[in-house]
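See structure below.
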Amino acid sequence: MKSLGSIRRSFAPWADPTAVPFIAVKNVTKKFGDFVAVDNLSLNIYPREFFALLGASGCGKSTLLRMLAGFEQPTSGEIVLDGQSLAGIPPYRRPVNMMFQSYALFPHMTVENNIAFGLKQDGMPKPQIAERVDQMLKLVKLDKFAKRKPHQLSGGQRQRVALARSLAKRPKVLLLDEPLGALDKKLREETQFELMDLQQQLGLTFVVVTHDQEEAMTMADRIAVMAHGKVIQVATPPEIYEAPNSRFVADFIGDVNIFDGTVSSAGPGTVEIATQTGFTVRVASSDAPAVGAKIGLAIRPEKIRVSRDEPACAPLNAAQGEIWDIGYLGDMTIFHVRLKDGKVIKASSLNAVRAVEDPLGYDQQVWISFDENAGVVLKD
Amino acid sequence: MVKWSRFNIASIVFGFAFLYLPIVLLVIFSFNESKLVTVWAGFSTKWYVQLLHNQALLDAAWVTVRVGLISATVATVLGTLAALAMTRYTRFRGRMLFSGMIYAPLVMPEVITGLSMLLLFVAIGLDRGFWTLTLAHITFTMCFVAVVVQSRLLSFDRSIEEAAMDLGATPVATFLQVTLPVIAPAVFSGWVLAFTLSLDDLVISNFTSGPGATTLPMKIYSQVRLGVTPEINAVCTILIGIVAMGVLIASVVSRRREIQRVRDEQAAFAL
Ligand SMILES: Nc1ncnc2c1ncn2[C@@H]1O[C@H](COP(=O)(O)OP(=O)(O)OP(=O)(O)O)[C@@H](O)[C@H]1O
Ligand SMILES: [Mg+2]
């Protein structure tokens with residue numbers, strides 16, 4: 001088998017205009033009474049993709065998943081799976097399986113029978129069922145627990161049974177609603193990689209709901225960031241992080257500093273912005289906004305340098321301030337620097353050198369600076 | 001541990017005496033040698049032997065059991081379906097009215113239920129007998145089953161039904177393989193309740209039965225009007241024995257299951 005990395009690197013069907021999406025969500029709206037849970041949402045998910053839905057609690061992630069599984073009907077719009085419209089097809093006829101946020105294990109059945117349930121519905125012959133169940137139990141490392149009932153398992157074990165049960169039928173699409181919510185950090189990280197391996201080995205399409213951004217970044221080929229029933233941005237993890245398309249996404253994923261300002265001049269490939277804080281910034285920007293437009297500039301903390309001496313680029317892309325707060329994390333240090341107008345910005349620096357003799361301390365006057373390609377222009 | 005005060009002991013003794021003294025007396029006098037119910041004349045089991053030769057009483061017992069089994073079973077099916085409808089289809093018009101109407105027969109005076117059923121049977125020209133009796137019992141026990149099953153369904157986690165359908169089970173398969181096994185204990189208690197209610201009903205039976213369909217309570221009641229005989233005491237003692245056995249078995253079974261569950265749980269944590 002090819003190594004995971006090499007497959008992943010070459011996997012980008014969304015960039016290929018001739019690729020046919022496996023799941024196409026077309027202008028889907030879902031209302032509960034007057035409340036709009038999913039709002040005119042469109043998405044394309046490609047075969048073998050590991051797709052993550054990321055968003056705050058209540059933004060409609062589960063509702064979207066439940067529409068894919070067939071438990072809720074869209075109020076308007078349609079969902080197409082593998083070229084076939086899913087409208088009117090009941091859950092038990094969809095080639096889609098779901099792992100539930102609440103696990104939803106059958107309390108009166110053993111672990112074994114829980115996993116075999118779907119296979120029995122398909123009328124698979126008994127020896128084959130036994131073989132498949134065995135295989136699934138090994139996969140989730142629960143072979144010793146085959147005869148237990150769900151109430152005799154720990155939370156994490158139940159979660160693994162739920163996963164095995166939803167995988168047993170080898171569905172074309174697996175929907176996972178918060179699959180790792182109940183696991184502790186270590187097991188969670190392990191399971192993340194197991195899930196990715198599994199998805200690769202079986203060649204399945206995964207749609208994972210999560211509100212843990214790190215989890216989404218680790219596992220997914222692409223992430224859809226949702227808010228209030230809408231998709232705000234769909235992109236690969238690096239794109240989402242480095243090129244957020246809005247304040248919401250920039251703020252939602254990771255830490256960010258946002259400077260508000262006005263475009264003062266726009267050259268080819270760069271813009272200059274007069275920030276409200278009082279310094280001028282020049283950044284690389286491919287589609288330059290008009291002069292005078294009010295925009296935001298997002299810069300990640302790790303792209304901001306903190307120095308005692310005036311940087312060479314000053315007065316462009318540099319500002320003076322004092323150190324307000326220091327968080328020493330061992331591998332890196334986080335500085336909160338208070339600029340002249342009172343705005344506090346975050347900067348983080350890797351502690352690549354051991355115990356500096358004269359570290360930056362509280363209340364020191366410092367400069368912050370960053371490169372021309374460090375910031376992202378946000379037009380909203 | 002609370003200390004036993006005299007007051008506590010006294011209230012327990014009086015309470016239990018109030019509840020059980022009549023029953024204890026009845027049981028004791030069923031073993032009375034004398035034909036006079038209130039005069040003790042020594043121990044004897046002759047009334048029990050005589051029972052076996054009282055064909056009318058045995059017939060009545062047989063009718064009662066048959067009515068009880070049939071009506072409890074049908075009422076359980078109908079009551080369970082009603083409970084499902086009431087908890088599942090929460091959005092139809094007039095739901096409040098309907099669920100209110102399910103409870104109404106519980107508080108309706110039996111005389112009224114009996115009378116109205118009698119009128120119905122007369123109106124549609126149904127000859128009163130075994131089947132009208134059974135129908136009437138189905139009607140009045142059904143709502144008890146519905147209430148018992150409904151309270152179980154309210155705490156039922158519907159996502160397991162969704163999971164079943166998601167894995168390819170049709171709605172019918174889902175009901176039979178997932179819903180029913182999970183709510184089975186409530187359905188069973190509904191059945192037991194319906195059976196015991198049917199077993200001791202007198203008022204409604206009086207209105208709705210006809211010649212050849214006399215139940216045990218009816219028979220006992222009519223005999224008692226001619227005077228209490230030790231024979232009647234013996235029948236009642238047997239009835240008490242059956243009911244007590246039923247209660248005992250039910251509680252032992254559920255206690256066993258509880259112990260088994262606790263043991264399983266301990267085993268799970270020991271690993
Ligand atoms: N059956 C329903 N009836 C009415 N409102 C509903 C129903 N199901 C969901 N909602 C509402 O729709 C919104 C979206 O719910 P959803 O379960 O999709 O959120 P979510 O993104 O999965 O959140 P979480 O991360 O907490 O699971 C919520 O505000 C919720 O209250
Ligand atoms: Mg959810």
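The values are calculated or read from the model by the stated rules, or taken from the named source; none is laboratory data. Since this is a predicted model, take the numbers as computed values, not measurements. Cβ: placed from backbone, ideal geometry, glycine included. Neighbour counts: every protein chain shown.
Residue count for the stretch A:259-305 satisfying the condition of being out of contact with any helix residue (DSSP H, G or I) (no Cβ under 9 Å at 6 or more places or on another chain), within 28 Å of A:V366 (Cα to Cα) and among the aliphatic types (A, V, I, L, M): 11.
Beta carbons closer than 6 Å, at least 6 apart along the sequence or on distinct chains, pair a first residue in the stretch A:209-221 that is farther than 13 Å from A:G55 by Cβ with a second that is more than 16 Å from ligand 2 (Cβ to nearest atom) and in a loop (DSSP other than H, G, I, E, B) for A:D221/A:E49. For the stretch A:170-181, taking the residues that are surrounded by fewer than 22 Cβ atoms within 10 Å (Cβ to Cβ) and either over 18 Å from the mean Cα position of the chain (by Cα) or within 12 Å of another protein chain (Cβ to nearest Cβ) (or both), the one that is farthest from ligand 1 (Cβ to nearest atom) is identified as A:R170.
On inspection, A:S102 does not qualify as more than 16 Å from ligand 2 (Cβ to nearest atom) and among the hydroxyl-bearing types (S, T, Y). Scanning the stretch A:78-115 for residues that are closer than 30 Å to A:L142 by Cβ and out of contact with any helix residue (DSSP H, G or I) (no Cβ under 9 Å at 6 or more places or on another chain) yields a count of 2. Scanning the stretch A:28-63 for residues that are within 14 Å of chain B (Cβ to nearest Cβ), among the small types (G, A, S) and more than 12 Å from ligand 2 (Cβ to nearest atom) turns up just one, A:G33.
When the strands (runs of 3 or more DSSP E) confined to the stretch A:31-109 are screened for residues that are within 12 Å of ligand 1 (Cβ to nearest atom) and in contact with a strand residue (DSSP E or B) (Cβ under 6 Å, 6 or more places away or on another chain), those reaching at least 3 such residues are found at A:35-45, A:50-55. Residue check: A:L4 meets all listed conditions (1) under 20 Å from the mean Cα position of the chain (by Cα); (2) at pLDDT below 90; (3) within 16 Å of ligand 2 (Cβ to nearest atom) but one, namely (3). Within the stretch A:132-151, the set of residues being touching a residue at least 40 places away in the same chain (Cβ under 8 Å) and either surrounded by 15 or more Cβ atoms within 10 Å (Cβ to Cβ) or of a type in the set (K, R) (or both) comprises A:L139, A:K149, A:P150. Taken together, B:A169, B:A173 contain a single residue that is free of Cβ contacts under 8 Å to residues at least 12 places away in the same chain, buried (at least 20 other Cβ atoms within 10 Å of the Cβ), in contact with a helix residue (DSSP H, G or I) (Cβ under 7 Å, 6 or more places away or on another chain) and within 7 Å of another protein chain (Cβ to nearest Cβ), which is B:A169. Do we have any residue at all in the stretch A:152-163 that's more than 14 Å from every other protein chain (Cβ to nearest Cβ), free of Cβ contacts under 8 Å to residues at least 60 places away in the same chain, among the hydroxyl-bearing types (S, T, Y) and away from ligand 2 (no atom under 16 Å from the Cβ)? For the stretch A:152-163, residues more than 14 Å from every other protein chain (Cβ to nearest Cβ), free of Cβ contacts under 8 Å to residues at least 60 places away in the same chain, among the hydroxyl-bearing types (S, T, Y) and away from ligand 2 (no atom under 16 Å from the Cβ): absent.
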